[in-house]
Amino acid sequence: MEVTKIENVTRSYKIGNTETQALRGVSLSIEHGEFTALVGPSGSGKTTLLQLIGCLDQPTSGHVYINGKDVSRLNRNQRADMRRGTIGFIFQFFALIPTLTAYENVEMPLLLVGQSASERRARVMQLLEAVEMAERAHHRPDQLSGGQQQRVAIARALATKPALILADEPTANLDTPNGKQVMETMTRLNQETGVTFVFATHDPRVIHYARRIITLRDGLIVENHVAEMSGVGA
């Protein structure tokens with residue numbers, strides 16, 4: 001079953017008199033449970049595509065479907081509702097709230113959807129244990145390493161049990177050991193929970209973890225193939 005479907009999508013931006021085409025007619029389907037990398041050089045369109053799938057932007061033309069629903073023309077509030085209930089995000093710069101502890105950062109999405117205190121506590125601790133951060137539950141981001149912050153961000157992204165996790169350059173600000181640990185955490189959670197992961201990267205250290213690799217160049221998909229093997233444990 002498709003978690004997202006992209007049909008002949010274009011996205012153009014106009015700055016002054018100059019128009020840039022970030023995407024030039026992209027079509028793509030991603031099934032539930034996939035672990036997929038969007039790869040390509042800077043300016044290839046991979047981040048723009050990720051933003052469209054994440055309901056952070058709207059296409060200039062074409063259609064974007066999430067769980068069978070056309071989200072291409074939803075208004076801002078409707079897109080926010082879709083993100084809150086269906087999509088989790090992992091950002092390059094972690095995007096944790098600096099004044100909150102790891103526990104409180106993971107709890108935040110659950111507060112927004114109105115879960116009870118007992119449900120929140122059980123879910124937060126389950127997730128912190130899953131990313132091996134339970135012992136750091138009461139530490140603020142400035143008391144954590146970059147790799148630890150990103151693992152907290154992964155837990156936060158999973159908090160509301162979304163169907164889809166989107167990660168934009170999730171290891172770009174991490175050294176090799178921390179990047180490896182973050183990718184192995186994402187891979188393991190994909191396998192254990194069945195949640196779909198789509199991540200944008202140009203880092204060859206990360207690409208080999210993907211089970212499907214979609215290559216973009218100049219706003220077009222130029223290659224789309226299933227990897228021969230996962231990089232788990234590599």
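Rule-based calculations on the coordinates, nothing more; no lab input. All values reported here derive from a predicted model rather than from experimental measurement. Here Cβ is always computed from backbone atoms with ideal geometry, including for glycine, and neighbour counts include all displayed protein chains.
Observations on the structure shown:
- Net charge of Cβ neighbours under 12 Å - reference V106; Lys, Arg +1; Asp, Glu -1: +3
- Taken about its Cα centre, the chain carries a charge dipole of roughly 480 debye when the Cβ of each Lys and Arg holds +1 and the Cβ of each Asp and Glu holds -1.
- The eigenvalues of the Cα gyration tensor, multiplied by 5 and square-rooted, give segment 105-234 an equivalent ellipsoid with semi-axes of 28, 17, 13 Å from largest to smallest.
- Farthest positive-ward along the chain dipole, Cα basis, beta-carbon charges - from Q150, N8, M133: N8
- Each residue, E119 and Y13, gets one label point 7 Å from its Cα in the Cβ direction; the gap between the two is 3.8 nm.
- For segment 53-105, the C-alpha radius of gyration divided by 2.2 N^0.38 Å, with N the number of residues, is 1.39.
- In this label model, L100 and M1 are separated by 2.9 nm, measuring between points 7 Å along each Cα→Cβ vector.
- Crossing angle, helix 102-112 versus the chain [Cα axis fit, 0-90 degrees, rounded to tens]: 60
- Taking the DSSP beta bridges with both ends in the chain, the antiparallel portion is around 55 percent.
- Once the Kirkwood radius over Cα pairs is known for segment 66-175, the Stokes-Einstein relation at 25 °C and 0.890 mPa s delivers a diffusion coefficient of 170 µm²/s.
- Two-decimal log10 I(q)/I(0) for segment 123-174, as the Debye equation yields it once each C-alpha is a single scatterer, q = 0.18, 0.24 Å⁻¹: -0.58, -0.96
- Straight-line cross-link partners of K14 among the lysines, defined as a Cα under 22 Å from its Cα and at least 8 positions apart when in the same chain: K46.
- Where only alpha carbons of the chain are counted, the Rg and the Dmax (Å): 17.5, 55
- Degrees, to the nearest 10: 117-130 long Cα axis against longest axis of the chain: 80
- The long axis of helix 146-158 is offset from the longest Cα principal axis of the chain by roughly 80 degrees.
- For segment 140-216, the spread of Cα positions along the three principal axes, ordered from largest to smallest, is 36, 29, 19 Å.
- At R0 = 41 Å, FRET efficiency that the Cβ-Cβ distance of K161 and R24 yields, to 0.05: 0.70
- P(r) tail for segment 1-136: Cα pairs beyond 22 Å make up 50% of the total.
- Estimated 222 nm signal from helices in the chain, with DSSP H stretches of n ≥ 4 weighted -39500 (n - 2.57), rounded to 500: -10500 deg cm²/dmol
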